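Trainee: Have a look at this one before I ask anything.
The values are calculated or read from the model by the stated rules, or taken from the named source; none is laboratory data. It should be emphasised that the depicted structure is a prediction, and the values quoted were computed from it without experimental measurement. Heavy atoms of the whole protein, side chains included, go into the accessibility calculation; ligands, DNA and RNA do not. Shrake-Rupley method; radii C 1.70, N 1.55, O 1.52, S 1.80 Å.
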Amino acid sequence: MSKPSFAWLPEGMQPHFTVRDLVFIGIFAAVAKAAALGIAFVGGGMNPLSLALKNFVYTALMLVLAHKVQKPWTLTLAVLVSSLISLLLMGQGVLHTPGALLTCVLAEFIIYALGGYHRAFNLLVGVLFLELAGKVVSLAVAWMYYREQPAIIAVPVIFISIGALGSIVGLAGGAKLVKELRHASFIS
C-alpha cells in the first residue's frame, strides 16, 4: 500500500477536501475577486477610497471563507484561484503569485501552530498575517520595479498602506459578518 502524497505533513495539516469544499472555495474566491474588480471599476481605478474598499471586501470575504471551510490549505487554494483569475483576466500577478503562495503557506502553519482551524481567533490571526504579509510582498515587488529610482517608491508605499488599512478594517468587518452568518446558520 502506498503512502499518501502529503504524509510528510503533520496530521492536522494534511489536506482532506470534499468536492463541496473545493467548489465552495473556487466559487468564493472568484466572487471575492469579482467584487474587488467591480469596486475598482466602479470607483474609477486606483483611487484611495476604492482601493481601501476593495481590500476591505476581499479580506472580509476571505475571513468568511476560512470560517466556512475550516480545513487546512483553504486560504492557499483561495489565493491560488484568485491569483489565477488575476493572471488570466488582467495579465497581472506573475511576480506577486510566488510571494503570495509563500505567505499563504506561512499563514496556514501559523493557524496550525495556534491550535487549528476551529477557533475564530486562530483564523483571524491567520488572515491578518496573510493580508499584511501580502502587502510586504507587494512592497518587495514595488522595490524591485523602482530600485533604480528609490524616490519613486513613495507612491507604491502610500497605496499599499491604504490597502493595508482597508484590510485591517476588513478584518473587523469580516468578524462582524461571520457573527451574523453564524446567527443565520450559514456558518457552523
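Trainee: How much of the accessible area of the chain, probe 1.4 Å, is carbon plus sulfur, in whole percent?
Mentor: 73
Trainee: I would also like to ask the following. Explain nothing, just compute: Karplus ³J(HN,Hα) = 6.51 cos²θ - 1.76 cosθ + 1.60, θ = phi - 60°, for every residue of segment 161-175 in order, whole Hz, x for Gly and Pro.
Mentor: 5, 5, x, 5, 4, x, 5, 5, 5, x, 5, 5, x, x, 5
Trainee: Let me ask you something else. In the full protein assembly as shown, how much of L130 is accessible to a 1.4 Å probe, in Å² to the nearest 10?
Mentor: 10
Trainee: For the chain, what is the Kirkwood hydrodynamic radius in Å, using each pair of distinct C-alpha atoms? Intermediate results must be reported in sequence, preceding the final value.
Mentor: Values: mean 1/r = 0.0581 Å⁻¹.
After inverting the pairwise mean of 1/r, the radius is 17.2 Å.
Trainee: Using a Cα-Cα cut-off of under 19 Å, which aspartates and glutamates could be cross-linked to K68, ignoring same-chain neighbours fewer than 8 residues away?
Mentor: D21, E108, E131, E180
Trainee: Under a GNM of the chain (C-alpha, springs under 10 Å), which listed residue has the highest mean-square fluctuation: A32, A52, A154?
Mentor: Result for the chain, Cα springs under 10 Å: A154 fluctuates most.
Trainee: With every protein chain present, what accessible area does I27 have (1.4 Å probe, heavy atoms only), rounded to the nearest 10 Å²?
Mentor: Using a 1.4 Å probe on the heavy atoms, I get roughly 100 Å².
Trainee: Can I ask one more? Rounded to whole Hz and in sequence order, give me ³J(HN,Hα) for segment 135-152 from the Karplus expression 6.51 cos²θ - 1.76 cosθ + 1.60, θ = phi - 60°, writing x for Gly and Pro.
Mentor: Couplings: 5, 5, 4, 4, 5, 5, 5, 4, 4, 5, 5, 10, 5, 7, 10, x, 5, 6 Hz.
Trainee: Rank E11, E148 by accessible area, highest first, at a 1.4 Å probe radius?
Mentor: Greatest to least solvent exposure: E148, E11.
Trainee: Same structure, new question: How much accessible area per residue does segment 70-188 have, counting only protein heavy atoms and a probe of 1.4 Å, in square angstrom? Display every interim value, and only then the final one.
Mentor: Values: 6620 Å² over 119 residues.
Value returned for segment 70-188: 56 Å² of accessible area per residue.
Trainee: Could you compute how much accessible surface S185 exposes when probed at 1.4 Å, giving the result in Å² to the nearest 10?
Mentor: Counting only protein heavy atoms, S185 exposes about 100 Å² to solvent.
Trainee: Also, quick follow-up: 5 Å is the cut-off here: which amide hydrogens, built 1.01 Å from N in the peptide plane, fall below it relative to I187, excluding neighbours closer than 5 in sequence?
Mentor: R182
Trainee: Something else now. Do you know the relative contact order of segment 42-180, to the nearest whole percent, from alpha carbon pairs under 8 angstrom that are 6+ apart?
Mentor: 41
Trainee: Provide the gained length on full extension for the span S188 to A113, in nm with one decimal, where the gain is 0.36 nm per separating residue minus the Cα-Cα distance.
Mentor: Numbers: separation 75, 0.36 × 75 = 27.00 nm, distance 2.24 nm.
Full extension from S188 to A113 adds 24.8 nm.
Trainee: Students sometimes get this wrong: rank K176, K71 by accessible area, probe 1.4 Å, all chains present, largest first. Please list the in-between numbers first.
Mentor: On the way: K176 115, K71 60 Å².
Largest accessible area first, the list is K176, K71.
Trainee: Relative contact order, percent, of segment 100-188 when contacts are C-alpha pairs under 8 Å separated by at least 6 residues?
Mentor: In percent, rounded to a whole number, it is 23.
Trainee: Report, in deg cm²/dmol and to the nearest 500, the calculated mean residue ellipticity at 222 nm for the chain, where each DSSP H run with n ≥ 4 adds -39500 (n - 2.57) and the sum is divided by the residue count.
Mentor: On the way: 6 runs with 138 residues, N = 188.
Taken over the chain, the calculation gives -26000 deg cm²/dmol.
Trainee: Computed on alpha carbon atoms, what radius of gyration and Dmax characterise segment 58-165, expressed in Å?
Mentor: That works out to 14.7, 46 Å for Rg and Dmax.
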